[in-house]
Amino acid sequence: MTNLSEFFSESVSDQLAKPLTAIAEAAFNVSKHLPFAMGKAGRLNPFGEEQTKIDVFANDVFATSLLGTSIVAEVASEELERPKTGTGSLHATMDPLDGSSNISTNNPLGSIFGFYSSPLPCSGKGMVAAAFVTYGPMLTFTFSAGDGVHRFAAVEGVNGKEFVLIDERIRLPDEAGVYGFGGLRREWIDPVETFVGSLERRGMKLRYGGTFVGDFNQVLRYGGIFAYPALKNRPRGKLRLLYEVAPMAFIVKQAGGLASDGAMDILSLEPSSLAETCPAYLGNTSLVRELERELSRRR
Ligand code: AHG
Ligand code: MN
Ligand code: MN
């Protein structure tokens, strides 16, 4: 079985292997604390959301690990007012704990990372790698450094825990099996409602758990489409472009799919702030294009 460092030594530059390894190692630490670091932190994040203790813990662990590589110039995080700075030339974004509202219901959680060669905020054109972690029945680490998408799972190795390769060059299946759309249904804009009706008529299964990482990961596995759409009262959606959507856009593209805000490729959007949100439609190219057409007809 190929472990992460063996895989990196053959296919990823040192410049990217170091921060990606730092994340994977830190994920062991975060996952170990997940069952114990329960409760609210008593503070709000820059989006006005109540932070949980594990949001704060994961933020500290991942930021410290990334900056410790001396390769990362800044780490911008959903949980930080301002990026933390270090020495290096790579610019990192993160949602250190995605789905923290799902802690009390014991649904899977995740972490999301993006790496750029330009200072933040910048468009996805400057993205050089992206990764996500799932904390569920398996602890997994999935990444792309621009040459396919690869997934690793944590196992007990001879020298302790390690990540071993379980899926190399992941491709979205041609056949679309599942869809998951967030937000209150009555707030969906009309073309989204119409489109979802047509997905159901063609026999696609609804899969939605409320953790972007988990819901997107199912689409990657079974084919289909994930969306956190434009809402009537929130035309730019809920998900954060830099912290959540752009890294998954990079990954879905590397898996042969597409990510759109309804009109433009997510990776072409030029954010003017770190906190920008965008409607997010990710999955099989044909479905994302079909939804784009539905949206443009009604614009
Ligand atoms: P976070 O826990 O990082 O704030 O992210 C929550 C996000 C995302 O994981 C999920 O897709 C969405 O919020 C769920 O929102 P709804 O509860 O509105 O469906
Ligand atoms: Mn999130
Ligand atoms: Mn989060």
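The values are calculated or read from the model by the stated rules, or taken from the named source; none is laboratory data. The structure presented is a predicted model; accordingly, all values stated were derived computationally and were not measured. For neighbour counting, all protein chains shown are included, and Cβ atoms are generated from backbone atoms with ideal geometry for every residue, glycine included. Side chains included, ligands, DNA and RNA excluded: accessible areas come from the protein's heavy atoms. Shrake-Rupley method; radii C 1.70, N 1.55, O 1.52, S 1.80 Å.
Observations, loosely collected:
- Of the listed requirements (1) farther than 28 Å from residue 218 by Cα; (2) open to solvent by 40 Å² or more (accessible area, probe 1.4 Å), residue 120 misses just one: (2).
- Criterion: more than 16 Å from ligand 2 (Cβ to nearest atom), of a type in the set (Gly, Ala, Ser) and more than 23 Å from residue 140 (Cα to Cα) - qualifying residue of 203, 223, 237: 203
- Taking the listed residues 283, 223, the one that is buried (at least 20 other Cβ atoms within 10 Å of the Cβ), out of contact with any strand residue (DSSP E or B) (no Cβ under 7 Å at 6 or more places or on another chain), within 27 Å of residue 115 (Cβ to Cβ) and at pLDDT 95 or above is 223, with no other qualifying.
- Count of residues meeting criterion [among the hydroxyl-bearing types (Ser, Thr, Tyr) and open to solvent by less than 30 Å² (accessible area, probe 1.4 Å)] in region 171-200: 2
- Of all the listed residues (210, 237), the sole one being open to solvent by 10 Å² or more (accessible area, probe 1.4 Å) and in the same structural domain as residue 185 (by TED's automatic domain parsing) is 210.
- In the set 290, 276, only one residue is open to solvent by 50 Å² or more (accessible area, probe 1.4 Å), acidic (Asp, Glu), touching a residue at least 60 places away in the same chain (Cβ under 8 Å) and more than 22 Å from residue 110 (Cβ to Cβ); that residue is 290.
- When 51, 15 are screened for being of a type outside the set (A, V, I, L, M), closer than 16 Å to residue 110 by Cα and either in the same structural domain as residue 162 (by TED's automatic domain parsing) or touching a helix residue (DSSP H, G or I) at 6+ places or on another chain (Cβ under 8 Å) (or both), only 51 passes.
- Residue 81 within 12 Å of ligand 3 (Cβ to nearest atom), surrounded by fewer than 17 Cβ atoms within 10 Å (Cβ to Cβ) and over 19 Å from the mean Cα position of the chain (by Cα): no
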